[in-house]
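Worksheet: one structure, shown below.
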Amino acid sequence: MSIFDTHAHYADSAFDDDREQVLAELPDKGVGLVMLAASGLRDSAENSLLAKKYDYIYASVGVHPESVNETSDGYLDVLRKMIAENQKIKAVGEIGLDYHYEGYDCSLQIRFFREQLELAAELDMPVIVHSRNATEDTVDILREYRPKGVVHCFSGSAETAAEIIELGMYIGFTGVLTFKNAKKALRALEAVPMDRLLMETDCPYMAPEPLRGKRCDSSMIAYTAAKAAEIKGIPTDELIEITCRNGMTMYGIE
């Protein structure tokens, strides 16, 4: 079983110069599956095109909380149409809440989060949830909707991880696990059972040590998986296999 990068952004401008080359080479680097996460309508459409072009790539569509101010009414119909036209779109995301930057509109973010959770429920699809500096509101809304899906790039506490698991969701970890200041993330990892664990890059961001600061790609999950396997006390290959199967189960990929 090969690597499943359950959260990547290959529509990002960081790949504009060599996107085709990078994507053509990933299978030879041990990457078997990639899920593309969207930040808005533009890259939702680009994700869909990439998923159609590459057998091993699947896509999600959605509006990230940082994109809500630039997204007009009617966006749900656009997303619904994309999903209907491409069977390789397997999730709604990434969606959620981000209170990190000044000037965020809390009420607007919550409205978009709720609307997209309702879309996912309507279509019986999993969601990819982004949460930064918004744990309380995020968990409260997840408790209300109880979606299937994943909280990606997890940065919360072990206690929060346990609550998300209790709701029936998965938790995704990035290269942050390899950072020197990753004690909180490692404690959260310890609290996540193997059948609810996913590996991801969030590329082009979050490159793991010893590649931190470089543009990330899906092959670098090998470093993150090695660290996670060390914490879990199992061989790296076994962790990669388990997390690949977890991702396939969650996204409904056969």
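Translational diffusion of region 1-121 was estimated from the Stokes-Einstein equation, with Rh taken as the Kirkwood radius over Cα pairs; at 10 °C and 1.306 mPa s the coefficient is 106 µm²/s.
Rounded to the nearest whole angstrom, the semi-axes of the ellipsoid equivalent to region 109-254, taken from the Cα gyration tensor as √(5λ), stand at 25, 16, 15, largest first. For the chain, the alpha carbon positions stretch 47, 41, 35 Å along the principal axes, listed from largest to smallest. With θ taken as phi - 60° and the Karplus curve 6.51 cos²θ - 1.76 cosθ + 1.60 applied, the whole-hertz 3J(HN,Hα) list for region 13-21 is 5, 4, 9, 4, 7, 8, 4, 4, 5 Hz, x standing for glycine and proline.
Can you tell me which of Cys216, Cys153, Cys106 moves the most in a GNM of the chain? Springs connect C-alpha atoms under 10 Å apart. The residue with the greatest mean-square fluctuation here is Cys106. Could you pull out every whole DSSP H run in the chain that spans at least 20 Å of Cα extent along its own axis and averages 0.0 or higher on the Kyte-Doolittle scale? In the chain, the long hydrophobic H runs are 106-123.
Using only the Cα atoms of region 182-254, construct the convex hull and provide its projected area averaged over every direction, in square nanometres to one decimal.
That works out to 5.1 nm², a quarter of the Cα hull's surface.
How are the C-alpha pair distances of region 68-112 spread across 10 Å bins, as whole percents from the shortest bin up? Histogramming region 68-112 at 10 Å steps yields 22, 47, 26, 6 percent. GNM remark for the chain: springs join alpha carbons under 10 Å apart, and the peak mean-square fluctuation among Gly32, Gly233, Gly175 falls on Gly233.
Other residues whose C-beta falls under 14 angstrom from the C-beta of Asp124 contribute a net charge of +2, scoring Lys and Arg +1 and Asp and Glu -1. Summing charges over all other residues whose Cβ lies under 12 Å from the Cβ of Gly172, with Lys and Arg as +1 and Asp and Glu as -1, gives -3. Shape index of region 1-47: Rg/Rh, with Rg the Cα radius of gyration and Rh the Kirkwood radius from the inverse mean 1/r over Cα pairs, equals 0.98. Packing here is the average count of other Cβ atoms within 10 Å per residue, and on that basis the peptides 65-71, 220-226, highest first, run 220-226, 65-71.
Where the alpha-carbon atoms of region 60-185 are placed on the principal axes, they occupy 43, 33, 27 Å, in descending order.
Quick note on region 215-254: its Rg to Rh ratio, both from C-alpha atoms and Rh being the Kirkwood radius, is 1.03. Taking the chain as a Gaussian network, Cα atoms linked when under 10 Å apart, which of Val129, Val139, Val150 shows the biggest mean-square fluctuation? Between Val129, Val139, Val150, it is Val139 that shows the largest mean-square fluctuation. Sorting the segments 193-202, 155-164 by their mean number of nearby beta carbons within 10 angstrom, highest to lowest, gives 193-202, 155-164. Can you send over the carbon and sulfur percentage of the accessible area for the chain, probe radius 1.4 Å, protein chains only? Of all accessible area on the chain, carbon and sulfur atoms account for 47 percent.
The values are calculated or read from the model by the stated rules, or taken from the named source; none is laboratory data. Since the model is a prediction, treat every value here as computed from it, not as a measurement. Methodologically, a virtual Cβ is constructed for each residue, glycine included, from the backbone with ideal geometry; neighbour enumeration extends over all protein chains shown. For accessibility, only protein heavy atoms count, side chains too; no ligands or nucleic acids. Shrake-Rupley method; radii C 1.70, N 1.55, O 1.52, S 1.80 Å.
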